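I have placed the structure first, in the form of structure tokens, so that the comments after it can refer back to it.
The values are calculated or read from the model by the stated rules, or taken from the named source; none is laboratory data. Computed from a predicted model, the values in this text were never measured in an experiment. Glycine also receives a Cβ, built like all others from the backbone with ideal geometry; neighbour counts cover every protein chain displayed.
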Amino acid sequence: MSIVSRHRKRMSIITLIASIIALIGTIDIAQKVASSGSYGPYSFIYVDSLSAIVMMLIAVIGFFTTAYSFPYLGRERRKGLIGNTRIKKYFIQLNFFLAAMFISAASSSPVITWIFLEASTLSTAFLISYYDKPSTIEAAWKYLIINSTGLLLGFFGTLLYFAAFSQSDASGLITWQMLAAQASNLDPNLAKAAFVFVLIGYGTKLGLVPMHTWKPDTYSKSPAPIGALFSGALIPVALLAILKFKNITDTATGVSFTQNLLIAFGIASIVIAAFSMLTVKNYKRLLGYSSIEHAGIIVLGFGFGGIGVLAAILHTIYHSLLKSSLFFTSGNILLKYHSARIKNVKGLINTLPVTGTLFFISFIAVTGLPPFGIFLTEIATISAGAKSYLYISILVVLSLALVFVGFFKYVVAMVFGQSDEKVKPGDENVWLIIPPLGLILMAIVLSFYIPPFLQTLIQDAVVKY
Amino acid sequence: MNDTLIQTVIPVFFLTTVAMHTIKKNQNIAILYSLQSLVIAALLASVFIENGTFFLLLITMATLIVKVILAPGFFIRLVALHKLRFAASSYANLPLTLVIISLITAMASSGIFESLTNIVATRHTYLALALSSMLISIFLMVNRKGALSQIIGILSLENSIVLFAILAGLEQSAALQFGILFDISIWIFIAFSFVTMIYRHLGSEDVTNMRSLQD
């Protein structure tokens, strides 16, 4: 409907209504999965516990992104940065992006998952180059080339799993369940090769080192709401695909191969991101490196296994909510200061008191300080690995300390530094405050209370993955 | 699948992938891609003749239209529009490029990828060539400085993967082949839009001119 509507406001309202419907729908599906174990009304849809969690994350982040996008783009339009046509294109591409992620997460077939993950790449390319400047086009080109190559390798890995099937079996749609059932027929060496390609391919979408180079550029050049979607919604979708393949590979090869690979990619991502954050000059790039670091923590948790799996799932949820909040507040900062450079932003607590406070709270939460949920998930991840992977756990602790130091020095300077007299304080739009505030409140509530149906989903996902 | 056909077309496919590294004119690279896609269409046609499935015929026709005719045609039109006759240079010179390609080919045929090339033991050599083509396509993206070469590299990689899948009997249902073809069509459209934008801003397709991304 947003394609046919010419009116900007009407388009935004349609998108918002659609996101509300999606949110209600996914909560309903999640409750059905919690009660019956899975949801598959049609042959091409299969939603298990982890898929339901991922779909809820897409719906929540999608709703808040839509709610934030309207006032954000409205401000940019008033400043003359963009026009109505570009806003219309934004909402069309946003809807395609959300739809592609939903279908990818809910699909019963790994090939449909791949097709719609590729579609998510294509639908976001123009969102990254949104401002039509040389730097945004470069970022979008880099994103397109690296992610397309990665996803093609992921597709190759996906096809290799089909070697377990004879030509006649493969004539129809091969589903995740069919792959899992045939996994024991797979040649273990072939399964290992397939998982390597899948991890490289979908790991590119996740932003794992060394396939991460597109992330800081993309996050820094795309509009703030899109950065929130990349970090909050796309990461869980890519992670879901990797974990489904991990399960199939574990049946063919035993668990140690995939676990070791996840640990290797995880620790590399954490360490590289930690060091990269020390020399960053742009606060949106800082958030990009932070996303790489958290993607590393999540896969590390799955690699360690045991309580690490529970920690990783909870970490995914908290990270999606808090990182999206950080992107929204960074968008408010950009609107006020017209600069993404850290040195140009000072005294947020005076200039934008509410945004500054929310930015600071999100920073504290995302870097793993108590009493927020991420503190507990990081502790649990480290303790999961401490027994069998002591040196890696020590390296994680040191890296996280480095991340905190890096993040801390920038955020403190931005929030508490001497305000620039040229920047007038105040003028905070309440509609730009509500989305990040809503996400932070959700993250705080979930740190202390998890609704029963969500608890069931998480417990089921821990057992399965 | 007809063994004579395989013996004829697979070396052609491999050689077109290698030749993409040596050709200087963008138009000729597009023609090589068209030839590569023709090989894929020929193999799909061979599978259709064996199975007689109507959807396979549609897939073959769609491959012919999208990959053999439309995509290269679009590419050549873009080259003419922006007068991009000659491809941007490469990082490695020609002798070094050929040495690297030889190493890649040797590696693909070695024991490292045995589990992949022995999926169908009787087609080990051809699977190795398909795998080499994949890696050589990735090398094309890395080695060449032009945005157009990077596009062709990705399309060549996709062709190589499809070739591998056909030879290894990993072919999926025709409906999904349609989905993949549709995806590739959209990708081609978007990539070419970006090349136009790149040329508009930088006046060149040379990606080494892209230096606006600063911290």
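Observations on the model:
- Hits in segment B:106-125 - residues which are among the hydroxyl-bearing types (S, T, Y) and under 18 Å from A:A193 (Cβ atoms): B:S109, B:S110, B:S115, B:T117
- Of everything listed in (1) more than 7 Å from chain A (Cβ to nearest Cβ); (2) modelled with pLDDT under 85, the single unmet condition for B:L163 is (2).
- Among the residues making up segment A:78-120, those that are of a type in the set (V, I, T) and free of Cβ contacts under 8 Å to residues at least 40 places away in the same chain are A:T85, A:I103, A:I115.
- Consider segment A:371-406 and keep the residues that are of a type in the set (F, W, Y) and touching a residue at least 12 places away in the same chain (Cβ under 8 Å). The one that is farthest from A:F327 (Cα to Cα) is A:Y389.
- Restricting the first member to segment A:189-218 and to residues that are without any contact (Cβ under 8 Å) to a residue 12 or more places away in the chain, and the second to residues that are among the hydroxyl-bearing types (S, T, Y), the beta-carbon pairs closer than 8 Å and six or more apart or on different chains are A:N189/B:S115.
- Test result for A:T113, polar (S, T, N, Q), at the interface with another protein chain (Cβ under 10 Å from one of its Cβ atoms), touching a helix residue (DSSP H, G or I) at 6+ places or on another chain (Cβ under 7 Å) and in a helix (DSSP H, G or I): no
- Selection status of B:L135, more than 10 Å from chain A (Cβ to nearest Cβ), modelled with pLDDT of 85 or more and either out of contact with any Pro (no Cβ under 7 Å at 6 or more places or on another chain) or in a helix (DSSP H, G or I) (or both): yes
- Of all positions in segment A:96-107, at least one carries a residue that is of a type in the set (V, I, T) and closer than 22 Å to A:S231 by Cβ.
- Members of segment B:1-43 found to be without any contact (Cβ under 8 Å) to a residue 60 or more places away in the chain, β-branched (V, I, T) and under 16 Å from B:T125 (Cα atoms), listed by number: B:T4, B:T8, B:V9, B:V12
- Annotation: of all residues in segment A:175-226 being in a loop (DSSP other than H, G, I, E, B) and more than 27 Å from the chain's Cα centre (by Cα), the one that is farthest from the other protein chains (Cβ to nearest Cβ) is A:L186.
Let's see how each residue does on (1) crowded, with 21+ Cβ neighbours inside 10 Å; (2) among the basic types (K, R); (3) modelled with pLDDT of 90 or more:
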residue: A:L94; (1), (2), (3): yes, no, yes
residue: A:I103; (1), (2), (3): no, no, yes
residue: A:D132; (1), (2), (3): no, no, no
residue: A:E138; (1), (2), (3): yes, no, no
residue: A:N147; (1), (2), (3): yes, no, yes
residue: A:G150; (1), (2), (3): yes, no, yes
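- Failed item in (1) under 19 Å from A:A224 (Cα atoms); (2) modelled with pLDDT of 90 or more, with A:E428 passing the rest: (2)
- Spans of helices (runs of 4 or more DSSP H) in segment A:287-405 with at least 2 residues within 22 Å of the chain's Cα centre (by Cα): A:307-337, A:353-366, A:373-386
- For A:G368, the conditions (1) closer than 28 Å to A:G417 by Cβ; (2) among the small types (G, A, S); (3) touching a residue at least 60 places away in the same chain (Cβ under 8 Å) all hold with the exception of (3).
- Qualifying residue in segment A:159-169 (condition: touching a residue at least 12 places away in the same chain (Cβ under 8 Å) and outside any helix (DSSP H, G or I)): yes
- Test: residue in segment A:132-139 that is part of a helix (DSSP H, G or I) and away from every other protein chain (no Cβ under 11 Å): no
- Summed over segment B:20-75, the residues that are in a helix (DSSP H, G or I), among the hydroxyl-bearing types (S, T, Y) and farther than 14 Å from B:G153 by Cα give a count of 3.
- Those residues of segment A:278-309 which are in contact with a Leu (Cβ under 6 Å, 6 or more places away or on another chain), within 14 Å of another protein chain (Cβ to nearest Cβ) and crowded, with 24+ Cβ neighbours inside 10 Å, in sequence order: A:L287
- Of the residues B:A19, B:A92, the single one that is more than 18 Å from the chain's Cα centre (by Cα) and away from every other protein chain (no Cβ under 14 Å) is B:A92.
- Pair list, Cβ under 6 Å, 6 or more apart: segment B:112-124 residue closer than 10 Å to B:A168 by Cβ and facing chain A (nearest Cβ under 10 Å), other residue at pLDDT below 90 and assigned to a helix (DSSP H, G or I): B:I119/A:A163
- Residue in segment A:317-329 that is closer than 20 Å to A:V423 by Cα, touching a residue at least 24 places away in the same chain (Cβ under 8 Å) and either crowded, with 24+ Cβ neighbours inside 10 Å or of a type in the set (A, V, I, L, M, F, W, C) (or both) present: yes
- Residue among A:K464, A:K422 that alone is of a type in the set (K, R) and surrounded by 14 or more Cβ atoms within 10 Å (Cβ to Cβ): A:K464
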